[in-house]
Amino acid sequence: MAKLDSSLAEAEQVYRDMRKLADSGDTEGKKKLVQLRSRYAMLMLDILQARKIDERMLSDAELAKEFDSRFFEMRQTLANHQAKWRLQSIEDDTSGYMASAAGLNRAQDDFYHWARGKFAQR
């Protein structure tokens, strides 16, 4: 339990840090943002590994199914956003990028809110 919980908490914190940097528009923050993206990708893998051995998931098939569905949806939204919005695309369509980023933020906020609520009950 502890590993999944700690990986989820760290991933949420890294997401929040990335969001602050992106919202600030600080050009110096780009290097830090790239570092955070790399850490976030590693945390996604940590979550997948921890999920496989988490006793709550192993003992509650419905919880495992819901977690998998929500986690996959959030990761898919993230992957689609990152694949579409390369630097040139962002520069060509800043308003489209911002709309996509807002949708991504909602997906991540929803997932982390659900996870905190669901696991706090157990």
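For segment 50-122, with only Lys/Arg (+1) and Asp/Glu (-1) charged at the beta-carbon, what is the dipole magnitude about the Cα centre, in debye rounded to 20?
Numbers: 12 positive and 12 negative charges, 47 e Å.
Magnitude of the dipole: close to 220 debye.
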Treat each spin label as a single point 7 Å out from the Cα along the C-beta direction, and report the residue 34 to residue 94 distance in nm.
2.2 nm
Rounded to the nearest 500, what is the chain's calculated 222 nm mean residue ellipticity when only DSSP H runs of at least 4 contribute -39500 (n - 2.57) each, over all residues?
-30500 deg cm²/dmol
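Using a 1.4 Å probe, what is the accessible area per residue for the chain, in Å²?
Details: 7720 Å² over 122 residues.
Computed with neighbouring chains in place, this is 63 Å² per residue.
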Would you mind working out the magnitude of the charge dipole of the chain relative to its Cα centre, with +1 at each Lys and Arg C-beta and -1 at each Asp and Glu C-beta, to the nearest 20 Debye?
220 debye
Rh_Kirkwood(segment 1-43) over Cα pairs, Å, one decimal, evaluates to 10.7 Å
Share of carbon and sulfur in the accessible heavy-atom surface of the chain [1.4 Å probe, %]
54 percent
24 Å Cα-Cα threshold exceeded, pairs from 3/118; 32/52; 31/52; 31/84; 20/84:
32/52; 31/52
What nm value, rounded to one decimal, do you get for the distance between residue 22 and residue 9 when each label is placed 7 Å out toward the C-beta?
2.5 nm
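Treating only the Cβ atoms of Lys and Arg (+1) and Asp and Glu (-1) as charged, compute the dipole magnitude of segment 1-69 about its Cα centre; round to the nearest 20 debye. Intermediate values should be presented prior to the final figure.
Numbers: 13 positive and 14 negative charges, 85 e Å.
Dipole about the Cα centre, nearest 20: 400 debye.
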So for the pair residue 75, residue 118, with labels modelled 7 Å out along Cα→Cβ, what separation do we get in nm?
1.4 nm
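The values are calculated or read from the model by the stated rules, or taken from the named source; none is laboratory data. Please read these numbers as outputs of a predicted model, since none were measured by experiment. For neighbour counting, all protein chains shown are included, and Cβ atoms are generated from backbone atoms with ideal geometry for every residue, glycine included. Calculation scope for accessible area: heavy atoms of the full protein, side chains included, ligands and nucleic acids excluded. Shrake-Rupley method; radii C 1.70, N 1.55, O 1.52, S 1.80 Å.
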